[in-house]
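Asker: Before I ask anything, let me first share the structure, which is written out below as structure tokens.
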Amino acid sequence: MIEPIYIETPQTRPAWEPRVIVTHEVAPDERLHVDPSRDTSLSVVDGVVYAAIGDDDYVMTPGDRVAIPAGAAVRVWNAGDEVARVVTERA
């Protein structure tokens with residue numbers, strides 16, 4: 001398991017609420033849990049990832065990034081045949 005990396009927070013956020021950056025390895029057909037209560041950005045490093053965010057659908061490949069607003073209905077999963085690596089950043 002990869003531990004979260006805590007980075008400096010912007011002045012507008014309370015000091016006790018850091019941003020969290022996590023790298024995930026997602027097996028084929030496995031879903032990635034995204035906390036619906038927090039703004040999250042999702043970046044694909046390896047593999048093919050499908051994201052359904054509200055009424056929008058995204059097929060993401062390495063280098064693609066998408067923002068997921070807090071409160072949005074979201075489903076994210078590995079749509080490829082290989083392990084996907086995804087970086088999430090939560091505010």
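Asker: Region 21-90: D in µm²/s via Stokes-Einstein (Kirkwood Rh, Cα pairs, 4 °C, 1.567 mPa s)? Intermediate results must be reported in sequence, preceding the final value.
Answerer: Values: Rh = 11.6 Å.
Result for D is 111 µm²/s.
Asker: Residues of region 41-61 with amide nitrogen under 13 Å from the 7 Å Cα-to-Cβ point of VAL20?
Answerer: Of the residues in region 41-61, 41 have backbone N under 13 Å from the label point off VAL20.
Asker: Next question. Tabulate in residue order the Karplus-calculated ³J(HN,Hα) for region 33-47, using 6.51 cos²θ - 1.76 cosθ + 1.60 with θ = phi - 60°, rounded to whole Hz; enter x for Gly and Pro.
Answerer: Residue by residue, region 33-47 yields 6, 10, 5, x, 8, 10, 4, 9, 10, 10, 10, 8, 9, 9, x Hz.
Values in this text are rule-based calculations from the coordinates and carry no lab data. No experiment lies behind these values; they were computed from the predicted model shown. Note that each Cβ is placed from the backbone with ideal geometry, even for glycine, and that neighbours are counted across all protein chains shown.
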